[in-house]
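As structure tokens, the structure follows; a few thoughts come after it.
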Amino acid sequence: MKTYRIAVVEGDGIGPEVVRCALDILAEAQRLVSGFALDVVDAPAGAGTYLERGEALPATTLDACRAADAIFLGACGLPDVRYPDGTEIIPQVTLRIKLDLYAGLRPARRLAGIPIPLAGAPPIDFVVVRESTEGIFASLGGGIVLGDALATDTQVITRSGTERVVRAAFRLARRRSRPRPRVTCVDKANILRSFAFFRKVFDEVAAEFPDVASDHLYVDAAAMELVRRPERYDVLVMENLLGDILSDLAAALVGGLGVAPSADVGDEHAVFQPCHGTAPDIAGRGVANPLAAILSGVMLLDHLADAHDDPSPRAAARRIESAVASALAAGEAQTADVGGRASTAQAAGAIRKRLT
Ligand code: ATP
């Protein structure tokens with residue numbers, strides 16, 4: 001029986017509240033399925049850790065993350081806790097850089113029982129794949145401000161950076177096994193050379209995957225299309241900032257941050273975390289929606305199954321999904337952010353008791 005080590009960064013605010021619910025559900029699903037084991041290792045990081053130890057991402061935590069089969073993270077940072085220079089405490093971003101997590105996966109799947117803003121409740125099930133190491137964010141700290149007259153930042157698109165994220169998108173489309181898998185390249189190739197280059201590399205990589213269809217959308221059209229006809233999309237891959245923006249739009253389409261899971265994946269490591277932040281406004285009140293964290297746990301199990309060619313974690317993932325669907329259908333797992341009355345513990349408990 002394979003044992004997978006999971007490094008857990010509970011983080012700050014609602015991070016620990018939702019992570020504990022999700023881990024409890026993962027452990028129960030693992031117990032029911034058997035065939036694999038989870039070895040959970042505490043890996044402290046975040047604003048609380050900074051206050052306690054003077055560092056937000058201790059070396060021991062980074063080592064634990066490096067040694068793990070997967071990393072599970074709640075949310076890190078608090079508005080009032082900053083470095084002396086005033087910058088935010090964001091160890092999740094440091095992890096992304098240190099572990100070279102270049103593909104941000106942001107699934108948008110409509111769940112029955114969660115209200116969405118679109119009329120007609122179309123079946124939504126697409127994934128935004130965000131390049132996470134370059135694009136315009138590569139300019140971070142390197143922009144130029146000339147006097148008080150002009151400012152510039154430079155977008156960086158490399159062949160290698162584009163190839164690897166586009167390949168990740170095509171492999172994901174294959175794994176999702178939709179009847180007609182398709183990857184859509186989102187860019188602004190009609191205006192900027194860097195985006196035209198991204199598109200060119202995309203087309204070259206697409207030729208390696210003849211079984212997966214491909215097409216292109218300009219980002220402005222993509223924003224409109226995802227609202228008008230979200231059911232048409234499967235996997236969409238794009239530059240960092242475009243992915244940052246469209247993944248929030250995607251989360252809003254399926255019910256908001258409380259239900260939006262995510263993964264940041266590289267060749268060696270992967271971090272799974274809810275899209276939401278630490279939500280200081282509701283932390284400690286027991287009302288946070290645990291679904292985004294639970295669904296991130298489902299992604300973690302699927303990742304273990306894919307990476308180790310092991311069907312057991314996938315079986316556990318499917319059981320959790322069924323339990324979530326059944327708890328939502330009964331109206332017992334809806335917290336206030338999605339129009340329900342359940343507390344964090346009640347929502348998680350309703351899901352846990354339906355695990356079979
Ligand atoms: P960050 O900058 O740390 O990513 P953010 O600015 O995106 O954070 P969040 O902390 O995600 O902000 O919170 C945004 C809003 O969404 C807040 O009002 C918060 O209470 C709400 N929210 C976030 N996550 C949840 C959740 N799991 N359940 C209920 N409400 C949530």
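The values are calculated or read from the model by the stated rules, or taken from the named source; none is laboratory data. Bear in mind the structure is a predicted one, so any value in this text is a computation, not a measurement. Counting neighbours? That spans all protein chains shown, and the Cβs are built from the backbone with ideal geometry, glycine included. Calculation scope for accessible area: heavy atoms of the full protein, side chains included, ligands and nucleic acids excluded. Shrake-Rupley method; radii C 1.70, N 1.55, O 1.52, S 1.80 Å.
The table for this structure:
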read-out: Set PRO280, PRO290: member being surrounded by 24 or more Cβ atoms within 10 Å (Cβ to Cβ), within 15 Å of the ligand (Cβ to nearest atom) and either without any contact (Cβ under 8 Å) to a residue 60 or more places away in the chain or not β-branched (Val, Ile, Thr) (or both); value: PRO290
read-out: Test: PRO84 is within 15 Å of the ligand (Cβ to nearest atom) and of a type outside the set (Ser, Thr, Tyr); value: no
read-out: Test: residue in segment 88-98 that is polar (S, T, N, Q), surrounded by fewer than 21 Cβ atoms within 10 Å (Cβ to Cβ) and either in the same structural domain as CYS275 (by TED's automatic domain parsing) or within 23 Å of ARG229 (Cα to Cα) (or both); value: yes
read-out: Any hit, segment 146-168, residues being in contact with a Cys (Cβ under 9 Å, 6 or more places away or on another chain), within 22 Å of ASP187 (Cα to Cα) and not assigned by TED's automatic domain parsing to the domain that holds VAL93; value: yes
read-out: Residues of segment 94-128 classified as modelled with pLDDT under 90 and within 28 Å of ALA168 (Cβ to Cβ), total; value: 1
read-out: Per-region count, segment 1-20, residues of a type in the set (A, V, I, L, M, F, W, C), in contact with a Gly (Cβ under 9 Å, 6 or more places away or on another chain) and open to solvent by less than 20 Å² (accessible area, probe 1.4 Å); value: 5
read-out: Unique match (being closer than 28 Å to ALA168 by Cβ, more than 16 Å from the ligand (Cβ to nearest atom) and either in contact with a Lys or Arg (Cβ under 9 Å, 6 or more places away or on another chain) or of a type in the set (Gly, Ala, Ser) (or both)) among SER322, SER296; value: SER322
read-out: Looking only at segment 25-34, and only at residues there that are modelled with pLDDT of 95 or more and surrounded by fewer than 18 Cβ atoms within 10 Å (Cβ to Cβ), the one that is nearest to PHE272 (Cα to Cα); value: ALA27
read-out: Any pair with Cβ under 9 angstrom, 6 or more apart, that starts in segment 76-102 at a residue that is basic (Lys, Arg) and ends at one that is assigned to a helix (DSSP H, G or I) and open to solvent by 70 Å² or more (accessible area, probe 1.4 Å); value: LYS98/ARG66
read-out: Index of the failed condition, ASP203 passing every other in (1) closer than 25 Å to ALA263 by Cβ; (2) part of a helix (DSSP H, G or I); (3) at pLDDT 95 or above; value: (1)
read-out: SER214 vs. criteria among the polar types (S, T, N, Q) and open to solvent by 20 Å² or more (accessible area, probe 1.4 Å); value: yes
read-out: Residue in segment 266-275 that is assigned to a loop (DSSP other than H, G, I, E, B) and within 11 Å of the ligand (Cβ to nearest atom) present; value: yes
read-out: Check on ASP309, open to solvent by 30 Å² or more (accessible area, probe 1.4 Å), closer than 22 Å to GLY243 by Cα and more than 16 Å from the ligand (Cβ to nearest atom); value: no
read-out: Within segment 11-111, strands (runs of 3 or more DSSP E) holding 1 or more residues that are over 15 Å from the mean Cα position of the chain (by Cα); value: 36-42
read-out: Candidates ALA317, ALA327, ALA292 - the one that is in a helix (DSSP H, G or I), under 17 Å from CYS21 (Cα atoms) and more than 20 Å from the chain's Cα centre (by Cα); value: ALA327
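Listed here are the residues, each with its yes/no results for (1) aromatic (Phe, Trp, Tyr); (2) within 16 Å of the ligand (Cβ to nearest atom); (3) under 14 Å from ALA316 (Cβ atoms).
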site	(1), (2), (3)
VAL18	no, yes, no
ILE25	no, yes, yes
ALA29	no, no, yes
VAL33	no, no, yes
PHE36	yes, no, yes
THR49	no, yes, no
LEU57	no, yes, no
CYS65	no, no, no
